[in-house]
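The values are calculated or read from the model by the stated rules, or taken from the named source; none is laboratory data. Because the structure is predicted, anything quoted here is derived from the model rather than measured. Please note: Cβ atoms are built from the backbone with ideal geometry, for glycine as well, and neighbour counts cover all protein chains shown. When the accessible area is computed, the model is the full protein with side chains, heavy atoms only, and any ligands, DNA or RNA have been set aside. Shrake-Rupley method; radii C 1.70, N 1.55, O 1.52, S 1.80 Å.
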Amino acid sequence: MWRKRSRFNELMKRSREGKEDPLALAIWDGRLTPADVESFWNDFAPLITQVDRTTFDTLPATVEALKARFDRRQRRVFERLLGRFSMILVARFEPKYLYRGRRPELHAQSYLHLWLLAYHIISQGKDVYLHALEHAETWNEQLASMTSQTGLYLMGLFRFDDMCFDAQKLRLIDCVAYPHSPEEKRAVVE
């Protein structure tokens, strides 16, 4: 609901219409520039597409490479563009997922998975992103190939410290939650 009240409502409506270039639509409000979009796809995206995103083990080195190559302002611009590009995709996903009862055309487990799917697609580069916007039939294929790691990897780049903190909290909860022994916990899961 908050997006419908915000200025991003216009972005989502225009995305659903599908009449505009999504790369230009991401900067519709003039707060970011075409040069920022070019830098996102030509400088930032190749750095990500070359990394193994199937594991978080590569995340710390990728975060360091990102910080070494781009200053704080550039990283903030990339994060904002990631949000806008993913919002453009999610706006297109929603009609295939929401308000369809138990028969959504897009087979995501939850609304969160729609956002993870958007990040998963964007992390594969500009061509895959543009193809996904034009070919809705590929969304379920992309969803099937998505993992938690490939879906969360881009967010981890920009929110690495938060992600580490959350992981520490989960490990702490795991230590004190019943059953207390690791063997018993594995037996319960299996």
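The table for this structure:
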| quantity | calculated |
| --- | --- |
| Cα gyration tensor shape of the stretch 13-82, rounded if a/c is under 1.5, else prolate or oblate by comparing a/b with b/c | prolate |
| Filter on K96/K126; K67/K96; K4/K96; K19/K126; K13/K126; K126/K169 - keep pairs with C-alpha separation over 29 Å | K67/K96; K126/K169 |
| Relative contact order [Cα under 8 Å, 6+ residues apart], the chain, whole percent | 23 percent |
| Hz values of 3J(HN,Hα) by residue in the stretch 66-80 - Karplus curve (6.51, -1.76, 1.60), Gly and Pro given as x | 5, 5, 6, 8, 10, 6, 4, 4, 5, 5, 5, 4, 5, 5, 5 |
| Percentage, to the nearest whole number, of Cα pairs in the chain over 20 Å apart | 60 percent |
| J(HN,Hα) series, the stretch 35-51, from Karplus relation 6.51 cos²θ - 1.76 cosθ + 1.60, nearest Hz, glycine and proline x | 5, 5, 5, 4, 5, 4, 7, 9, 10, 6, 4, x, 4, 7, 5, 8, 9 |
| Karplus (6.51, -1.76, 1.60) ³J(HN,Hα), θ = phi - 60°, over the stretch 131-144, in Hz, Gly and Pro reported as x | 5, 5, 5, 8, 10, 4, 5, 8, 5, 5, 5, 5, 4, 5 |
| Only Lys, Arg (+1) and Asp, Glu (-1) charged, at Cβ; the stretch 45-165 dipole about Cα centre in debye | 420 debye |
| Probe 1.4 Å, protein heavy atoms only - accessible area per residue of the stretch 4-146 in square angstrom | 54 Å² |
| Computed helical MRE - 222 nm, the chain, DSSP H runs ≥ 4 contributing -39500 (n - 2.57), nearest 500 | -20000 deg cm²/dmol |
| Accessible surface of the chain, 1.4 Å probe, proportion on carbon and sulfur as whole % | 53 percent |
| Solvent exposure, largest accessible area first (probe 1.4 Å, DNA, RNA and ligands not counted), of C164, C175 | C175, C164 |
